[in-house]
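A.B. asks: Have a look at this one.
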Amino acid sequence: VQNPLKPGNLKDPAIAALFSSKDPEQRYNDLREIGHGSFGAVYFALDNESGENVAIKKMSFSGKQAAERWADIVKEVGFLKKIRHQHIVEYRACFLKEQTCWLVMEYCVGSAADIVEVHKTPIFEPEIAAICQQALNGLAYLHEINRIHRDVKAGNILLTDCGIVKLADLGSISAACPAQSFVGTPYWMAPEVILAMDEGHYDYRADIWSFGITCIELAERKPPFFNMNTMSALYHIAQNDPPKLQSTLATGETAPWTETFYSFVDQCLRKDPEQRLSTRACLNHPFVAGTHAKTVILELIRRTKRVVRELDNFQYKKMRKLMYLDE
Ligand code: ADP
Ligand code: MG
C-alpha cells in the first residue's frame with residue numbers, strides 16, 4: 001500500500017486535483033523575489049496567459065522533514081483553493097515541479113510589516129485602524145467557518161494596490177475547537193498557546209491576542225519582547241502581565257494614540273481568553289468601526305511609495321519590491 005502522504009505522491013485523486021499538470025516555467029515569467037520564509041521564497045511574476053501580475057510561493061518538500069512539509073503544503077493549498085473572501089488573499093493556481101510546489105496567488109504590493117518598516121516614524125492611527133478593520137473582516141470569516149489562523153502578524157497582512165487588506169499565509173490554520181499544538185511565531189503567540197504545551201486547549205481567541213500584538217507592532221514597528229531570544233520571550237508572555245501599547249515613543253516623545261486605541265489593544269490582550277473581545281466585538285469597537293478603510297489605505301500606499309522613491313540606493317534596493325507595479 002502506498003503511503004498517501006509520501007511527498008509528491010498524487011495517487012489520491014483529492015490531492016492530485018490540487019495541482020495542475022502543466023509546466024509553470026512556461027506560464028510565468030520575470031520572477032523576482034519579494035519575500036521568504038522557512039519553506040522557500042515568494043516571487044512577483046507575470047502570468048503570460050492572463051497578462052496579470054501574480055505572487056508565487058515556492059515551497060520545497062525535499063530533504064529532511066519532507067513528509068511534514070508535504071502534509072503542510074497539501075493543507076495550505078487545499079484550504080486556500082476552497083476559500084473566496086474579499087479580505088483573504090486569492091488563490092490562482094498550483095503546480096508541482098522538481099520537489100517544489102508553486103502556489104500562485106493574487107499579487108499584493110507588500111505586507112503591513114513592510115509598510116511600517118519603510119516609515120521612520122509611526123504610521124498614523126487612522127491607517128492602523130483601517131488595516132485592522134479589513135484584516136479583522138478576513139479573520140471574522142475564518143472564525144465563522146471554525147478555523148484559527150494561528151499566525152496573525154503584520155507580515156501576514158498584505159495590501160493590494162487597490163487599497164484592500166488581505167489576510168495571508170494560511171499555512172498554520174487549524175480547525176478551531178479545540179486546537180492543541182504549538183504553532184505560530186513566538187512573539188505574537190497567546191499565553192494559552194504557549195501553555196497548551198502542557199495543559200488544556202485554546203480556540204479562536206488565540207488569534208485575537210496575536211491581533212492585539214499586531215496592533216502594537218503596527219504602532220511601534222516591533223512586537224513586545226522582540227529584543228529577547230524566542231525562549232525568553234515565550235517565558236515573559238506566559239508569566240507577565242499583558243503588554244500594553246506604550247505611551248512614550250522610542251524617541252522619547254509622547255505617543256500620538258487616542259484613548260480608544262489604548263482601550264482596543266487592552267481588550268485584545270487579556271490573558272484570560274474569556275475576557276478578550278470576540279472577533280465581532282473587535283469589529284464593533286469604536287477604534288475600527290467608523291473608519292473609511294479603503295481611502296485611507298490607498299493614501300497610505302501612495303505615501304509609502306513616495307518615501308521609498310526617496311530612499312538612498314541601498315535602502316531602495318531593500319524596499320524596491322513595493323514599487324514593482326510602478327516600474
Ligand atoms: P511564510 O509561511 O514563510 O510566512 P508567507 O505566505 O507569509 O510565508 O509569505 C512570506 C512573505 O512573502 C510575506 O510576508 C509577504 O512579504 C510576501 N508575500 C506572500 N504572499 C504574497 C502575495 N500574495 N503578494 C505579495 N507578497 C506576498
Ligand atoms: Mg508569513
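Each reported figure results from applying straightforward, stated rules to the coordinates on display, with no laboratory input. Not measured: the values here are computed from a predicted model. As a convention, Cβ positions derive from the backbone with ideal geometry for all residues, glycine included, and neighbour counts pool all protein chains shown.
A.B. asks: Within region 105-213, list the trypsin sites (Lys or Arg not before Pro) lying in a DSSP loop whose Cβ has at most 13 other Cβ atoms in a 10 Å radius.
C.D. replies: Values: sites: Lys120, Arg147, Arg150, Lys153, Lys166, Arg205; in loops: Lys120, Arg150, Lys153.
Qualifying residues, ordered by number: Lys120.
A.B. asks: In nm, what is the difference between 0.36 nm times the number of residues separating Ala41 and Cys162 and their Cα-Cα distance?
C.D. replies: Values: separation 121, 0.36 × 121 = 43.56 nm, distance 2.42 nm.
Fully extending the segment from Ala41 to Cys162 adds 41.1 nm.
A.B. asks: So which chymotrypsin sites (Phe, Trp or Tyr not before Pro) in region 215-262 end up in coil per DSSP with only 14 or fewer other C-beta atoms within 10 Å?
C.D. replies: For chymotrypsin sites (Phe, Trp or Tyr not before Pro) across region 215-262 that sit outside H, G, I, E and B with at most 14 neighbouring Cβ atoms in 10 Å, the list reads Phe226.
A.B. asks: Short version: ³J(HN,Hα) in whole Hz for each residue of region 301-309, in order, from phi by Karplus 6.51 cos²θ - 1.76 cosθ + 1.60 (θ = phi - 60°), x for Gly and Pro, what are they?
C.D. replies: Along region 301-309, the couplings run 5, 4, 6, 5, 4, 4, 5, 4, 4 Hz.
A.B. asks: Nothing charged except the Cβ atoms of Lys and Arg (+1) and of Asp and Glu (-1): what's the magnitude of the dipole of the chain about its Cα centre? Round to the nearest 20 debye. Each step should come with its number before you reach the end.
C.D. replies: Details: 38 positive and 40 negative charges, 109 e Å.
For the chain, the charge dipole is close to 520 debye.
A.B. asks: To continue, here is another question. Please give the FRET efficiency for Leu31 paired with Met228, using the beta carbon to beta carbon distance and R0 = 41 Å, rounded to the nearest 0.05.
C.D. replies: The pair Leu31/Met228 has a calculated efficiency of 0.70.
A.B. asks: Sticking with this structure for a sec: Residues of region 238-276 with backbone nitrogen within less than 16 Å of a virtual label 7 Å along the Cα-to-Cβ line of Thr121, please, listed as ranges.
C.D. replies: 248-258
A.B. asks: Determine the relative contact order of region 3-130: mean sequence separation of Cα pairs under 8 Å and six or more apart, normalised by residue count, in whole percent.
C.D. replies: Normalised by residue count, the contact order of region 3-130 is 24 percent.
A.B. asks: Quick check on region 14-113: take the gyration tensor over C-alpha atoms, sort the square-rooted eigenvalues as a ≥ b ≥ c, and tell me if it's rounded (a/c under 1.5), prolate or oblate. Mind dumping the intermediate values first?
C.D. replies: Working: a/c = 1.31, a/b = 1.26, b/c = 1.03.
Because its axes are fairly even, with a/c under 1.5, region 14-113 counts as rounded.
A.B. asks: What order do you get for Phe211, Phe314, Phe264 when you list them from fewest to most C-beta neighbours inside 10 Å?
C.D. replies: The order, fewest Cβ neighbours first, is Phe314, Phe264, Phe211.
A.B. asks: Charges only on Cβ, +1 for Lys and Arg, -1 for Asp and Glu: so what's the dipole of region 33-162 about the Cα centre, in debye to the nearest 20?
C.D. replies: So the magnitude is around 540 debye.
A.B. asks: Still on this structure: Non-local amide H neighbours of Ala41 (under 5 Å, H modeled in plane, Pro and chain starts lacking H): which ones?
C.D. replies: Placed amide hydrogens put Lys58 under 5 Å from Ala41.
A.B. asks: Once region 226-305 is represented by equal point scatterers at the alpha-carbon sites, with solvent omitted, what log10 I(q)/I(0) does the Debye formula produce at q = 0.12 Å⁻¹?
C.D. replies: Those come out to -0.53, one per q.
A.B. asks: Given bins 10 angstrom wide, list per bin the percent of all Cα-Cα distances in the chain, short to long.
C.D. replies: Pairs per bin, as whole percents: 6, 25, 34, 25, 10, 1, 0.
A.B. asks: With point charges of +1 on the Cβ of Lys and Arg and -1 on the Cβ of Asp and Glu, referenced to the Cα centre of the chain, which listed residue (Ser20, Thr121, Ala154) lies farthest in the positive direction of the dipole?
C.D. replies: The one lying farthest along the dipole's positive direction is Ser20.
A.B. asks: Are there trypsin sites (Lys or Arg not before Pro) in region 1-95 that DSSP marks as loop and that have at most 16 other Cβ atoms within 10 Å, and which are they?
C.D. replies: Here the sparse-neighbourhood loop sites are Lys11, Lys22, Lys64, Arg84.
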